[in-house]
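Chemist: Would you mind keeping the following structure in view while I ask a few things?
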Amino acid sequence: ASVDVAYARFLFQHLAQPLAALAEMRRVVRPGGLVLVGDTDDGGLLVFPAPEGFDRFLAASHEAQAARGGDRAVGRKLRGHLLSAGLDDVRVATRALSSEDIGPAALVAIAVGFKAGVLREPFIAASEVARIQRDLTALAGRPEFFGHALGYLASGRRPRD
């Protein structure tokens with residue numbers, strides 16, 4: 001109970017026990033203090049046109065993250081996690097980051113950058129990851145290319161005991 005705000009950014013997708021992390025965040029904030037969690041959810045990731053195998057690539061990234069104890073679909077669960085941690089005034093805001101807003105290259109980096117760096121066999125072959133990354137980069141140069149990813153910011157307050 002010593003700080004006003006506890007904040008985690010792009011952490012919860014990697015955690016096997018997000019409620020344990022939230023319990024600690026709740027513990028360190030003062031009564032009335034704010035807990036903030038910013039993260040992502042691949043359910044909000046969309047590209048068009050998509051390269052062949054992109055759905056398989058996303059599925060492999062979910063499997064690989066889960067094998068490490070993480071969750072590529074954590075964004076949609078943040079509200080429930082904060083409520084389960086006993087926080088009050090829980091809110092979740094989403095922000096779409098589109099290729100229109102940030103440019104096609106930045107959207108491609110969001111769509112495949114992190115995943116391409118960590119995906120390994122048996123989830124997907126490295127050659128397949130490289131091909132999808134290369135094909136998506138080429139597709140992003142086409143005039144009809146569009147994509148977006150969703151960012152989530154969840155907040156809650158420690159109850160005033």
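Chemist: Determine the pairs where a residue that is under 20 Å from ALA67 (Cα atoms), located within the stretch 120-134, has a partner that is open to solvent by 40 Å² or more (accessible area, probe 1.4 Å) with Cβ atoms under 6 Å apart, the partner being 6 or more residues away or on another chain.
Modeler: Partner pairs satisfying both residue conditions: PHE123/GLU63.
Chemist: Now a separate question. From (1) closer than 23 Å to ARG27 by Cα; (2) of a type in the set (D, E, K, R); (3) open to solvent by 80 Å² or more (accessible area, probe 1.4 Å), pick out the condition that doesn't hold for ARG158.
Modeler: Condition not satisfied by ARG158: (3).
Chemist: A further question follows. Scan the stretch 103-140 residue by residue and report those that are of a type in the set (Gly, Ala, Ser), open to solvent by 50 Å² or more (accessible area, probe 1.4 Å) and closer than 15 Å to PRO49 by Cβ.
Modeler: Matches in the stretch 103-140: ALA138 only.
The values are calculated or read from the model by the stated rules, or taken from the named source; none is laboratory data. The structure displayed is predicted, hence computed values, not measured ones. No Cβ is skipped: glycine too gets one built from the backbone with ideal geometry, and neighbour counts run over all protein chains shown. In case anyone asks, the SASA skips ligands and DNA or RNA and just uses the protein heavy atoms, side chains included. Shrake-Rupley method; radii C 1.70, N 1.55, O 1.52, S 1.80 Å.
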